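Heads up: the structure comes next, in structure tokens.
The values are calculated or read from the model by the stated rules, or taken from the named source; none is laboratory data. All of these numbers come straight from a predicted model, not from anything done at the bench. Ideal geometry is used to build each Cβ from the backbone, glycine not excepted, and the neighbour counts take in all protein chains shown.
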């Protein structure tokens with residue numbers, strides 16, 4: 001009798017000392033496999049199979065950010081977890097990605113939910129891709145990084161046009177509230193982040 005798999009926790013496999021060509025072969029092997037995310041940088045391949053918790057957080061975060069942008073009248077293009085690549089150097093599939101305003105070579109913002117590993121080493125691959133801003137959701141908090149000339153700098157409020165007014169502490173609070181009630185989380189977020197300017 002087949003056993004049910006536990007889909008709550010994510011599964012992650014890291015392969016070191018691999019070439020870009022090996023990564024492309026693995027990537028090809030996973031074509032058509034929904035729910036698998038692949039990353040490459042500096043000889044390391046990461047294969048991520050997100051669990052239920054991971055997908056819950058990434059969906060709620062994306063929903064609240066998009067709600068904020070829509071209510072503020074800011075045009076955006078969602079890119080989800082599309083593959084971002086720099087040939088031979090780096091490849092990433094963020095949980096959520098956005099262009100603000102118009103489309104450029106890479107999205108303006110990439111967001112990753114981190115449940116099983118630290119975020120610091122992940123910044124290097126986004127630097128190689130040239131993503132202007134990267135947010136990590138880890139342990140109930142956001143860590144925001146903005147790309148300067150040579151490296152990312154930790155920031156506490158977005159510097160992207162359209163998101164500078166977004167209260168990150170409020171966003172964190174509402175993501176956590178959503179674990180109990182999605183309706184309550186959206187209500188509080190809308191009243192605090194959006195309602196204050198319309199009143």
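Does residue 164 satisfy being touching a residue at least 60 places away in the same chain (Cβ under 8 Å), surrounded by fewer than 19 Cβ atoms within 10 Å (Cβ to Cβ) and over 14 Å from the mean Cα position of the chain (by Cα)?
Details: touching a residue at least 60 places away in the same chain (Cβ under 8 Å): no; surrounded by fewer than 19 Cβ atoms within 10 Å (Cβ to Cβ): yes; over 14 Å from the mean Cα position of the chain (by Cα): yes.
So residue 164 does not fit the description; no.
Looking at region 25-34, is at least one residue out of contact with any strand residue (DSSP E or B) (no Cβ under 6 Å at 6 or more places or on another chain), within 28 Å of residue 141 (Cβ to Cβ) and at pLDDT below 95?
Initial filter on region 25-34 (out of contact with any strand residue (DSSP E or B) (no Cβ under 6 Å at 6 or more places or on another chain)): 25-26, 28-34.
Within this subset, residues satisfying the condition of being within 28 Å of residue 141 (Cβ to Cβ) are none.
Within region 25-34, not a single residue is out of contact with any strand residue (DSSP E or B) (no Cβ under 6 Å at 6 or more places or on another chain), within 28 Å of residue 141 (Cβ to Cβ) and at pLDDT below 95.
Of the residues making up region 173-188, those that are more than 19 Å from residue 72 (Cα to Cα) and surrounded by fewer than 17 Cβ atoms within 10 Å (Cβ to Cβ) are 173, 176, 179, 180, 181, 182, 183, 184.
Is it the case, given these coordinates, that residue 40 is at pLDDT 95 or above and within 13 Å of the chain's Cα centre (by Cα)? It is false that residue 40 is at pLDDT 95 or above and within 13 Å of the chain's Cα centre (by Cα).
Taking the conditions (1) under 16 Å from the mean Cα position of the chain (by Cα); (2) part of a loop (DSSP other than H, G, I, E, B); (3) touching a residue at least 60 places away in the same chain (Cβ under 8 Å) in turn, residue 106 satisfies each one other than (3). For region 123-161, the tally of residues that are under 16 Å from the mean Cα position of the chain (by Cα) and touching a residue at least 60 places away in the same chain (Cβ under 8 Å) stands at 4.
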